[in-house]
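Dropping the structure in here first, questions after.
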Number of protein chains: 2
Amino acid sequence: MAYVEQENPDFTKIIKKHLTEENTEALLSLLEDLNTVEISNNILPLKSKYQLAIIELLDREKAAEVLNNLQQHAPVLEDIVEEMDSKQLGDLIEDMDKDDAADVLSVLDDEKATEVLEELSKEDREEITTLLQYDEDSAGGIMDPVVISVQKDITVKQATTQIKTFINKKEIDEFYVIYVVDEFNHLIGSISLSQLFIASDNTITKDIMDPDVVAVNVDTDQEKVAKLAQEYDLVTVPVIDKHLKLVGRITNDDLMDVMHEEHQEDLGQIAGTGDEEVLETSVFKAIRDRLPWLLLGLGGGMLAALVMRNYETAISELPVVAYFIPLVAALGGNIAIQSSSLVVRGLATGEIRTSDLFKRTWKELRVGFLNGLICAILLVGLAWWLTDEIIIGITSGAALIVVVCLAAFVGTSIPIILKRMNMDPAVATGPFITTANDLIGIVIYLAITISVYSNHLM
Amino acid sequence: MAYVEQENPDFTKIIKKHLTEENTEALLSLLEDLNTVEISNNILPLKSKYQLAIIELLDREKAAEVLNNLQQHAPVLEDIVEEMDSKQLGDLIEDMDKDDAADVLSVLDDEKATEVLEELSKEDREEITTLLQYDEDSAGGIMDPVVISVQKDITVKQATTQIKTFINKKEIDEFYVIYVVDEFNHLIGSISLSQLFIASDNTITKDIMDPDVVAVNVDTDQEKVAKLAQEYDLVTVPVIDKHLKLVGRITNDDLMDVMHEEHQEDLGQIAGTGDEEVLETSVFKAIRDRLPWLLLGLGGGMLAALVMRNYETAISELPVVAYFIPLVAALGGNIAIQSSSLVVRGLATGEIRTSDLFKRTWKELRVGFLNGLICAILLVGLAWWLTDEIIIGITSGAALIVVVCLAAFVGTSIPIILKRMNMDPAVATGPFITTANDLIGIVIYLAITISVYSNHLM
């Protein structure tokens, strides 16, 4: 039993030591003891030539599993498969589920992918080629075309025999749901394996099936598929084509991978780390993933500097106008990101529709305004105390309210408008929205305060 | 078949209309057509008295499912169950899986929970009471104590008979894995239901079980459990106690819920929206969830204002020093959040250990320094062009590099140090870390630039 709680020794270090010392015997004995997840996680930080050396030491089945595990680290997988020859890769891919095989092939360039496909049997080649045509983030792109289905009017005993034959032929390891179809292969119901297991032999499949089966279309976005599985507590999601015919199933492992992947993507977008992995060890890759977001911030900051230069005289005469700039920029940015992150999340899962533009904006405006009001009152007090001029307090507070309302408006409407224009609303989270609001906030704040002060204080 | 792609009419609106018109007949017919997920999602935006009215219209089984679905929206569930009487709630809870029942009970105050428990059978009460003792974010808190296990030395035929009897007795709906135990109930292996299904009658369970079963302890954090399930492609995770005895299982639906919940939590923390739901409609609740993060930003901004006031003369004589403050604050904040979000994520999943402090900080420092250097070079150019003074460019650029290195250091080390002190590292993401860095950045930037300028320009 793998009791995973104890802290393991640093296997990465040990593997690297054995590799550099070319101690193949020790390496083989260590790899024997580790399961494929442990192997994948521990070779992740190694250079790709070392990763490849380890994979070559494994037996075919284990090697295929490791390669499959590495899928979640696309750049790592890419480097490895590029260095493998087509024959070797074809052997490993043959051992994988079709959907996983297609995922691995999709990271190769076209020429190499064709070479590898030619190593496969005609049937496998055709199935995988079909899968490669779907968008990789759609249900079609993550489904396994090998799906167990039975006719609606046979007995449990007949169904059991059919299923056993099918499983032997297709070498299916695990399955949890059997789908029920009519004579045209239209999906009409589902039977969980546990229901089939306890049903008596003469029951007709139609009578124990759940007719309210939940299915997705081949084109459905994977994030929506995962959301659906989570809401409906599905272990496997059936996939249908536009004629409502059953064409595949999305299994539990892929659903969890999608959830994990989308989670990483959301966080990466909001924190400005792009697709960078936690375990990424290449400083160069980390820089490449993060720099674009920083350049955005830099650009915004430079524009802010240009704006402030326009008010040079005012700042020089009354430096107090500059004091609250960081505060106004920070609050505008925070409120914008609060609104945008909720909206982007809701749009992705379908909880918010583009037709909700007005309703959503109205809610976010009220929340933003009231939170802004509370902050503004505190700001009035501080500014008054700091400068002994009530007018400075009131002006700064009023400017803050304008800025935060605008921030709530921008943070809510931009993602929805992007979505309406069929663009990815997620670009409007994180650094993009905070930078935009920093800038807008500073311009508005300076315009308001300086026009008031120039009439009353200068 | 529920084909979920088409946009549904706005059922929330329809339900509300029927409710206010007291059109029970139309309401019942609508509720008949909707599944429990649709009902839950569509009553979510309603007031709790309406939600309760709907639940009371449903039959017991459907009502229990709706209540269970609402668990993911803790504040909503809380309002509803508080208004239900103990008898009614006891009836619904009896229909739920034990782990779900415990979750619902855990939102009640102690007195009411005791009342509801008294409505249950002795066996249910004892099982649920045991579950309530575990931390709700631990494996024990999310596990179902009803788990199917068989002895290691019986035949498949014997196992099948035992399982069928057990399922009937315990009213288990779905299961996917059977666990194999020794005579002391120690977990020693697992058999997927599909393996059992295709195995021949006389096979001994031990011979088809997977001895490398992966288990978690009752105390394991739920986020680690989900990470494990995702890595090892598990549909169900077995839970063992400190004597390695099998005490429960965590099912697929709970694993996906945990992933969803942790995802929402991470995003809420980084975006400063707390636990707020996308579908939250109460402006008051939204304000309460978001205000603390804004007050943090406000506090930081006020301190920044105080710092700047100390440099009043310098800003007044040479306003250019103020121009780059928003830029420096933004970049410092961005780099800190890039580092901290990766570290916090890695610590949560176990991919980063607290002993990695030095290694991690060193990596983040290099990434931060190199990204800062690129930004600094661009800043030097802009500052020079803007002010015609090369010294201003160089000083601002140098100050920026110091600020970003410190930001990378703070963003990496604070979460790891918090974790070492057994505190939640996640408090060090989002608004907290950006505010801290805004402030540190402004202080350092002003100190460096003004001390250089006062020697050379003023």
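Pull up the DSSP beta bridges for chain A and report the antiparallel fraction as a percent, rounded to 5.
Details: 14 of 19 bridges.
Percent antiparallel among DSSP bridges in chain A is about 75.
How much net charge surrounds B:A426 when only the other residues with a Cβ under 11 Å from the Cβ of B:A426 are counted, with Lys and Arg +1 and Asp and Glu -1? Mind showing how you got there, number by number?
On the way: positive: B:R345, B:K419; negative: B:E223, B:E262, B:E265, B:D266, B:D424.
Result for the neighbourhood of B:A426: -3.
Return the distance in nm (one decimal) between the two label points of a simple spin-label model at B:L378 and A:K122, each offset 7 Å from Cα along Cα→Cβ.
5.7 nm
How about segment B:21-74: which GluC sites (Glu not before Pro) there are in a DSSP loop, with at most 13 other Cβ atoms within 10 Å of their Cβ?
Numbers: sites: B:E21, B:E22, B:E25, B:E32, B:E38, B:E56, B:E61, B:E65; in loops: B:E21, B:E22.
When the GluC sites (Glu not before Pro) of segment B:21-74 are filtered for loop state and at most 13 Cβ neighbours within 10 Å, B:E21, B:E22 remain.
While we're on this one: Given label points at 7 Å from Cα along Cα→Cβ, what nm distances, shortest first, separate B:D91 from the same residue in every other copy?
Going from nearest to farthest copy, the values are 6.5 nm.
Starting with the fewest neighbours, write out B:I377, B:I163 ranked by other beta-carbon atoms found within 10 Å of each beta-carbon.
On the way: B:I377 13, B:I163 21.
With the fewest neighbours first, B:I377, B:I163 line up as B:I377, B:I163.
Tally Lys/Arg at +1 and Asp/Glu at -1 over every other residue whose Cβ is under 11 Å from the Cβ of B:D109; what's the total? Don't jump to the answer; show the numbers that get you there.
Details: positive: B:K112; negative: B:E78, B:E82, B:D110, B:E111, B:E115.
Result for the neighbourhood of B:D109: -4.
Let me ask something else. If you average the alpha carbon positions of segment B:305-341 and of segment A:263-322, how far apart do those two centres end up, in angstrom?
Here the two parts' Cα centres lie 13 Å apart.
Taking a point 7 Å out from Cα toward Cβ as the label site, list the nm distances between A:K170 and the same residue in every other copy, smallest first.
3.0
Output the relative contact order of chain A, whole-number percent, from Cα pairs under 8 angstrom with separation of 6+ residues.
Numbers: 599 pairs, mean separation 50.5, N = 458.
Computed value for chain A: 11 percent relative contact order.
Taking the dipole about the Cα centre of segment B:149-251, with the C-beta of Lys and Arg at +1 and of Asp and Glu at -1, give me whichever of B:T205, B:L244, B:L234 is farthest to the positive side.
Going by the Cα projections, it comes out as B:T205.
Using a label point 7 Å beyond Cα on the Cα-Cβ vector, give me the inter-copy distances for A:A447 in nanometres, one decimal, shortest first.
Label point to label point, same position, other copies: 3.7 nm.
Can you list which of the chymotrypsin sites (Phe, Trp or Tyr not before Pro) found in segment A:176-283 are DSSP loop residues with at most 15 other C-beta atoms within 10 Å? Don't skip to the end; give the middle numbers.
Numbers: sites: A:Y176, A:Y179, A:F184, A:F197, A:Y232; in loops: A:Y176, A:F184.
Filter output for segment A:176-283: A:F184.
If you look at just the Cα atoms of segment A:283-456, how large are its Rg and its Dmax in Å?
17.5, 54
Then there's this: On a straight-distance basis, which lysines could pair with B:K363 in a cross-link, Cα separation under 16 angstrom, same-chain partners fewer than 8 positions away excluded?
A:K285
Next question, about the same structure. Excluding B:I80 itself, what net charge comes from residues whose Cβ is under 13 Å from its Cβ, given Lys and Arg +1 and Asp and Glu -1?
Spelling it out: positives minus negatives among the neighbours equals -3.
222 nm [θ] for the protein assembly as shown, helices only, -39500 (n - 2.57) per DSSP H run of 4+, per residue, to 500?
Details: 46 runs with 615 residues, N = 916.
Using -39500 (n - 2.57) per qualifying helix, the result is -21500 deg cm²/dmol.
Among A:K227/B:K16; A:K98/B:K169; A:K242/B:K227, which pairs are too far apart, with a Cα-Cα distance over 29 Å? The partial results should precede the final answer.
Values: A:K227/B:K16 25 Å; A:K98/B:K169 39 Å; A:K242/B:K227 35 Å.
Cα-Cα > 29 Å for A:K98/B:K169; A:K242/B:K227; rest within.
Right, another one. What percent does the relative contact order of segment B:149-251 come to when contacts are Cα pairs within less than 8 Å and at least six residues apart? Mind dumping the intermediate values first?
Values: 153 pairs, mean separation 27.1, N = 103.
Here the relative contact order equals 26 percent.
OK, next. Quick one, could you list the DSSP H helices from chain A stretching 20 Å or more along their long axis (Cα atoms) with average Kyte-Doolittle hydropathy of -0.5 or above?
On the way: long enough: A:156-170 (21 Å, -0.69); A:252-271 (28 Å, -0.99); A:283-310 (39 Å, 0.82); A:325-349 (36 Å, 1.24); A:357-387 (41 Å, 0.98); A:390-420 (45 Å, 2.02); A:431-456 (37 Å, 1.05).
Once both thresholds are applied, what remains is A:283-310, A:325-349, A:357-387, A:390-420, A:431-456.
Assigning unit charges at the beta carbon (Lys, Arg +1; Asp, Glu -1) and nothing else, what dipole magnitude in debye, to the nearest 20, does segment B:283-456 show about its Cα centre? Display every interim value, and only then the final one.
Working: 12 positive and 10 negative charges, 168 e Å.
Dipole size: approximately 800 debye.
Fewest to most neighbouring Cβ within 10 Å: what's the order for B:W384, B:W293, A:W362? Don't jump to the answer; show the numbers that get you there.
Numbers: B:W384 17, B:W293 24, A:W362 14.
Going from least to most buried by this count: A:W362, B:W384, B:W293.
For segment B:301-410, what does the relative contact order come out to in percent, with C-alpha contacts under 8 Å and a separation of six or more? Each step should come with its number before you reach the end.
On the way: 73 pairs, mean separation 34.0, N = 110.
Computed value for segment B:301-410: 31 percent relative contact order.
Normalised radius of gyration for segment A:11-135, please: alpha carbon Rg relative to 2.2 N^0.38 Å, two decimal places. Write down the numbers at each step before the final one.
Numbers: Rg = 14.7 Å, N = 125, 2.2 N^0.38 = 13.8 Å.
The reported ratio for this selection is 1.07.
Within segment A:107-154, which GluC sites (Glu not before Pro) sit in a loop by DSSP and count at most 15 neighbouring Cβ atoms inside 10 Å?
Values: sites: A:E111, A:E115, A:E118, A:E119, A:E123, A:E126, A:E127, A:E136; in loops: A:E119, A:E136.
Here the sparse-neighbourhood loop sites are A:E136.
Okay, next question. Given the pairs B:K245/B:K359; A:K164/A:K206; B:K47/B:K112; B:K62/B:K122, which span a C-alpha to C-alpha distance of over 31 angstrom in this model?
On the way: B:K245/B:K359 38 Å; A:K164/A:K206 19 Å; B:K47/B:K112 22 Å; B:K62/B:K122 24 Å.
Result: B:K245/B:K359 exceed 31 Å.
When a footprinting reagent is the concern and you count Cβ atoms within 10 Å, what order do B:M259, B:M302 take, fewest first? Show your work: numbers first, answer last.
On the way: B:M259 26, B:M302 21.
Ascending Cβ contact count within 10 Å gives the list B:M302, B:M259.
Further question on the same structure: How crowded by other chains is A:332-345, given as the mean number of beta carbons from other chains within 10 Å of each beta carbon? Display every interim value, and only then the final one.
Values: counts 1, 7, 13, 5, 1, 8, 13, 4, 1, 9, 11, 1, 3, 8.
Per residue, the average neighbour count from other chains is 6.
At q = 0.07, 0.08, 0.09 Å⁻¹, what base-10 log of I(q)/I(0) does the Debye formula yield for the protein assembly as shown when every alpha carbon is treated as an equal point scatterer in vacuo?
Values, matching the q order: -0.63, -0.82, -1.02.
Computed from the coordinates by the stated procedures, all read-outs in this text should not be read as laboratory data. Note that the structure is predicted; figures quoted are calculated from it, not measured. Note: ideal-geometry Cβ built from the backbone for every residue, glycine included; neighbour counts use all protein chains shown.
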